[in-house]
Amino acid sequence: MSNDATTRVLTPPPAQSARRPIVGITTRLDLKEDTYYLGRQYADAVAAAGGVPLYIPLIDDREALQALGSQIDALMLGGSNSDIDPKYYGEEPHAALGAVVPARDEADLLLLKCAEDRGLPVLGICFGMQSLNVSRGGTLVQDIAAQIPGAYKHDQGIPVDRPSHAIVIEKDSLIANLAGGLAARVNSTHHQSVKEAGRNLLVTARAKDGVVEAIEDPRPDRFVLGVQWHPEWGWEREELSRRIFQAFVDAATGK
Ligand code: MN
């Protein structure tokens with residue numbers, strides 16, 4: 001090995017010396033097809049940010065899920081075409097409640113407990129933001145159109161990646177840092193939303209009709225973020241979405 005200055009200049013440090021963090025991602029359950037599944041965008045976004053995506057089946061085996069929860073480096077909870085059973089926040093089902101998939105609720109809540117106990121980074125997206133909130137004792141609006149007078153249209157339809165409404169962001173928050181300001185436009189495919197934020201969670205963004213669009217854990221040793229929109233549909237061309245995944249995977253690196 002030469003020790004002259006030229007060699008040192010020509011030898012860059014390894015681009016990724018740290019082990020790539022394993023990001024566990026809960027899937028969905030199609031009850032008709034009897035199939036666990038999840039769109040590819042979640043995995044693609046995590047891999048592009050340097051993480052190793054791992055799709056987690058919603059098996060009825062708590063011990064196995066706990067084993068996964070003890071080995072992953074971060075937890076991501078994606079969207080679902082189901083609603084969380086309102087029994088988890090002490091309510092009876094509103095007439096406009098959607099389908100409930102108990103296996104998804106149970107897997108999310110179990111893995112969120114593992115993540116909380118271990119201080120793992122958590123990114124909750126859409127349904128996943130709602131399960132995050134409920135896991136901390138928070139509550140949900142069961143149907144925005146029925147329960148929030150004057151609310152905007154939050155279920156925009158296709159194309160699903162079109163930014164359809166504005167959000168107003170709280171200053172000095174993680175999401176403000178990632179957005180580089182206090183305003184953004186986001187897509188919207190949800191009929192429920194956070195009502196009261198749970199333990200150690202702050203509301204850090206809202207639509208202009210008051211609907212909660214982001215929550216986060218302000219404890220300085222945590223990275224726990226929930227967004228009501230879908231950044232996995234925008235990370236390839238839009239900076240806020242890309243930065244959400246990058247910050248999440250960076251937080252998981254070295255855990
Ligand atoms: Mn919305």
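The values are calculated or read from the model by the stated rules, or taken from the named source; none is laboratory data. All values derive from a computational prediction rather than experimental measurement. Counting neighbours? That spans all protein chains shown, and the Cβs are built from the backbone with ideal geometry, glycine included. Heads up: the accessible areas ignore ligands, DNA and RNA and are worked out on the full protein's heavy atoms, side chains in. Shrake-Rupley method; radii C 1.70, N 1.55, O 1.52, S 1.80 Å.
Considering only residues that are within 20 Å of Leu120 (Cβ to Cβ) and touching a His at 6+ places or on another chain (Cβ under 9 Å), which ones fall in the range 196-255?
none
I'd like to check something: does the range 186-199 contain any residue that is at positive phi, out of contact with any Cys (no Cβ under 8 Å at 6 or more places or on another chain) and either hydroxyl-bearing (Ser, Thr, Tyr) or assigned to a loop (DSSP other than H, G, I, E, B) (or both)? Working first, answer last.
Let us first name the residues in the range 186-199 that are at positive phi, namely none.
No, the range 186-199 contains no residue that is at positive phi, out of contact with any Cys (no Cβ under 8 Å at 6 or more places or on another chain) and either hydroxyl-bearing (Ser, Thr, Tyr) or assigned to a loop (DSSP other than H, G, I, E, B) (or both).
Quick test of your reading of the structure: Asn187 fulfils all but one of (1) more than 22 Å from Thr27 (Cα to Cα); (2) within 11 Å of the ligand (Cβ to nearest atom); (3) within 15 Å of the chain's Cα centre (by Cα). Name the failing condition by number.
(1)
Cβ-Cβ under 8 Å, sequence separation 6+ or interchain: first residue in the range 223-245 and modelled with pLDDT under 95 and open to solvent by less than 10 Å² (accessible area, probe 1.4 Å), partner away from the ligand (no atom under 13 Å from the Cβ) and of a type outside the set (A, V, I, L, M, F, W, C). Which pairs?
Gly234/Asp161; Gly234/Ser241; Gly234/Arg242
Restricting attention to the range 208-230, and to residues there that are under 10 Å from the mean Cα position of the chain (by Cα) and more than 15 Å from Lys195 (Cβ to Cβ), which single residue is nearest to the ligand (Cβ to nearest atom)?
Filtering first and then ranking leaves Trp229.
Does Ala151 meet the test of being within 15 Å of the ligand (Cβ to nearest atom) and assigned to a strand (DSSP E or B)?
Details: within 15 Å of the ligand (Cβ to nearest atom): yes; assigned to a strand (DSSP E or B): no.
Taking the combined requirement at face value, the residue does not satisfy it.
For the range 158-181, enumerate the residues that are away from the ligand (no atom under 13 Å from the Cβ) and either in contact with a Gly (Cβ under 7 Å, 6 or more places away or on another chain) or over 22 Å from Val122 (Cα atoms) (or both). Step through it out loud before you land on a result.
Of the residues in the range 158-181, the ones away from the ligand (no atom under 13 Å from the Cβ) are 158-159, 161, 169-181.
Selection gives Ile158, Pro159, Asp161, Gly181.
One line per residue, one yes/no per condition, for (1) open to solvent by 50 Å² or more (accessible area, probe 1.4 Å); (2) of a type in the set (D, E, K, R):
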position	(1), (2)
Asn133	no, no
Arg136	no, yes
Ala145	yes, no
Pro159	yes, no
Asp172	yes, yes
Gly180	yes, no
His190	no, no
Thr204	no, no
Pro220	yes, no
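Kindly check whether there is at least one residue in the range 86-95 that is open to solvent by 50 Å² or more (accessible area, probe 1.4 Å) and modelled with pLDDT under 95.
Scanning the range 86-95 turns up no residue that is open to solvent by 50 Å² or more (accessible area, probe 1.4 Å) and modelled with pLDDT under 95.
Please name all residue pairs, on different chains or six or more residues apart, with Cβ atoms under 6 Å, provided the first residue is in the range 42-57 and is more than 22 Å from Glu106 (Cα to Cα) and the second residue is open to solvent by 10 Å² or more (accessible area, probe 1.4 Å) and at pLDDT below 95.
Ala45/Trp235
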